[in-house]
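**Q** Structure below; questions to follow.
The values are calculated or read from the model by the stated rules, or taken from the named source; none is laboratory data. Bear in mind that the values here come from a model prediction, so they are computed numbers and not experimental data. For neighbour counting, all protein chains shown are included, and Cβ atoms are generated from backbone atoms with ideal geometry for every residue, glycine included. The accessibility values were calculated without ligands, DNA or RNA, using every heavy atom of the protein model including side chains. Shrake-Rupley method; radii C 1.70, N 1.55, O 1.52, S 1.80 Å.
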Amino acid sequence: MHRDNTRKIQIGSRQIGGGSPVLIQSMTNTRTQDVQATVAQIHRLEQAGCEIVRCTVPDGEAARALAEIKRQIHIPLVADIHFDYKMAIAAMENGADKIRINPGNIGGPDKVQAVVKTAKERQIPIRVGVNSGSLEKAVLEKYGGVTAEGIVESALDKVHMIEENDYENIVISIKSSDVLMCVRAHELLAARIQYPVHVGITEAGTVWSGNIKSAIGLGLILGQGIGDTVRVSLTGNPVEEVKSAKLILRTLGLREGCFEVVSCPTCGRTRIDLIGLASRVEQLAADYPLDIKVAVMGCAVNGPGEAREADLGIAGGEKEGLLFKKGQILRKVPEDQLLQALQKELDNWK
C-alpha cells in the first residue's frame, strides 16, 4: 500500500507517512486575526476529533495571530498561504507547524528559495497544493483542458521547485471537484512519488451533496492505500467535516475509537418514531468518546438480530422497544423512555 511506503513527516506533535494512521484535518472559517473566535472554533474541532487544523494567512496580522492561537490549542497548526511568500515566512516565524503553498504563485524561484530556507532552518514541512482550477495555461493547452494527467504534471513540477532547493520535507495535495478525475489523479501520483499525500475532494458542496461526493471519492482513494491525511471539504460548520471524515475512515477500516450508529430505513411495520429516535441517538454520540456500535432498529423482522450484533441496541415494537446489550435483552422500555434508557447505559458503559 502506498501509505505504508511514504516518507515519515513530522507535523508538530504528530507524524504522518510510513504506515502512520491517516489523520483528520479541517480548516477554520473564522478570521484568523480574530484569535478568540479562531481558538474557540479549533477547540470545537478538537473535541469532534480533528487532529490537524489549517488557518488562512492573508496578511501580517493573521500571521502574527498564529503565535497566540498556537499557545491555546492542542493540535498541529498549518498556515494556508497564497501569492505572498512573505506570509509563508511570517507564519513559520510565528509557530506554524506546517505551511501550505503553491510554489507556482508566490513570486518566482527566488521567493520559493526564501521560503524553503526558513522551512529548512526550522524543519517545517511544506505542503505543495495544486487544485484543478489553478493549472497553468501551458498545462491546459498541452492536455486540452483540465485532466488528471495535467493535475499530476503541475503538482510534480511544483514539488521539483522545492526539491531543487535541497528540501524533501514535503506533503503533496492534488484536488479537484470532479470526483473521478480526482481519483485518477491520485492513482497516477501515487505511482510516481513517495511523499505523504493529503487527500480531499475540493469544493465538494454542502453538507448533503459534499458528503456524498467526498464519501465516494475518498473511499476510492483511501481504499487503494493512498492518502496519509484527509479533509472532507464542506460548505458548512467545519465540525461536520470532522464527523464525516471519522465515519469514512471507520467504514474503510482505517479508524477505531468511534461511536457508530446504525439504524434501519423504516417501513410500514415500524410502530415507534424511529427516525426521530435515530437522529437523537446520533446527536448523543458526539458526547461519548466510545468505540462502540449502537443499533436503532424499528421492528421485529431484522431488529432483534441487528441489535444483538451491536454493542448496544434498541429493537422497536408497538410503542415500546427492547433494549439489548452485547447480544442480551436487558429489558422492555416504553417508547418515551428509550432514549433515556440508552443514555443511562452509555453513562455506565464498561
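**Q** Scan around Leu290 for amide H atoms under 5 Å from its own, H built in the peptide plane at 1.01 Å from N, and keep only partners 5 or more places away or cross-chain.
**A** When sequence neighbours closer than 5 places are left aside, the close amide H contacts are Phe259.
**Q** Which FRET efficiency, nearest 0.05, do Arg269 and Glu136 yield, Cβ-Cβ r, R0 56 Å?
**A** With R0 = 56 Å, the Cβ-Cβ based efficiency is 0.40.
**Q** Hey, what D do you get for the stretch 102-182 in µm²/s if you plug the Kirkwood alpha-carbon radius into Stokes-Einstein at 4 °C and 1.567 mPa s? Please report the intermediate quantities before stating the final value.
**A** On the way: Rh = 13.2 Å.
Result for D is 98 µm²/s.
**Q** Take the alpha carbon atoms of the stretch 88-133, find their radius of gyration, then divide it by 2.2 N^0.38 Å using N residues; give the quotient.
**A** Details: Rg = 10.4 Å, N = 46, 2.2 N^0.38 = 9.4 Å.
For the stretch 88-133, the normalised Cα radius of gyration comes out at 1.11.
**Q** Rounded to the nearest 5, what % of DSSP beta bridges with both residues in the stretch 1-88 are antiparallel?
**A** That works out to approximately 30 percent antiparallel.
**Q** Scan around Val199 for amide H atoms under 5 Å from its own, H built in the peptide plane at 1.01 Å from N, and keep only partners 5 or more places away or cross-chain.
**A** Correct list: Asp228, Thr229, Val230, Arg231.
**Q** Per residue, how large is the accessible surface of the chain? Use a 1.4 angstrom probe and give square angstrom.
**A** It amounts to 45 Å² per residue over the chain.
**Q** Hey, got the Cα dimensions of the stretch 62-126 along the principal axes, in Å, largest first?
**A** Largest first, the stretch 62-126 extends 35, 21, 15 Å along its Cα principal axes.
**Q** In addition: Calculate for the chain the 222 nm mean residue ellipticity that helices alone would give, adding -39,500 (n - 2.57) per DSSP H run of length 4 or more and normalising by residue count, nearest 500 deg cm²/dmol. Intermediate values should be presented prior to the final figure.
**A** Working: 12 runs with 144 residues, N = 350.
Helix-only estimate at 222 nm: -13000 deg cm²/dmol.
**Q** Now a separate question. With just the Cα atoms defining each centre, how far is the stretch 24-60 from the stretch 336-350? Give it in Å.
**A** Using only Cα atoms, the two centres lie 33 Å from each other.
**Q** Okay, next question. In Å, what Rg and Dmax follow from the Cα atoms of the stretch 55-169?
**A** So, for the stretch 55-169, Rg and Dmax equal 14.8, 48 Å respectively.
**Q** If you plug each phi of the stretch 16-22 into the Karplus form 6.51 cos²θ - 1.76 cosθ + 1.60 with θ = phi - 60°, what whole-Hz ³J(HN,Hα) values come out, in order, with x for Gly and Pro?
**A** Karplus values, whole Hz, x for Gly and Pro: 10, x, x, x, 5, x, 6.
**Q** Another question, then. To check my understanding: the extent here is largest minus smallest coordinate of the Cα atoms along each principal axis. What are those three numbers for the stretch 157-247, in Å, largest first?
**A** 43, 23, 20
**Q** P(r) tail for the chain, what percent of Cα pairs lie past 27 Å? Intermediate results must be reported in sequence, preceding the final value.
**A** Numbers: 31282 of 61075 pairs.
Every Cα pair in the chain considered, those over 27 Å come to 51 percent.
**Q** So for the chain, averaging the separation of alpha carbon pairs under 8 Å that are six or more residues apart and normalising by length, what relative contact order in percent results? Mind showing how you got there, number by number?
**A** Numbers: 718 pairs, mean separation 44.1, N = 350.
Across the chain, relative contact order equals 13 percent.
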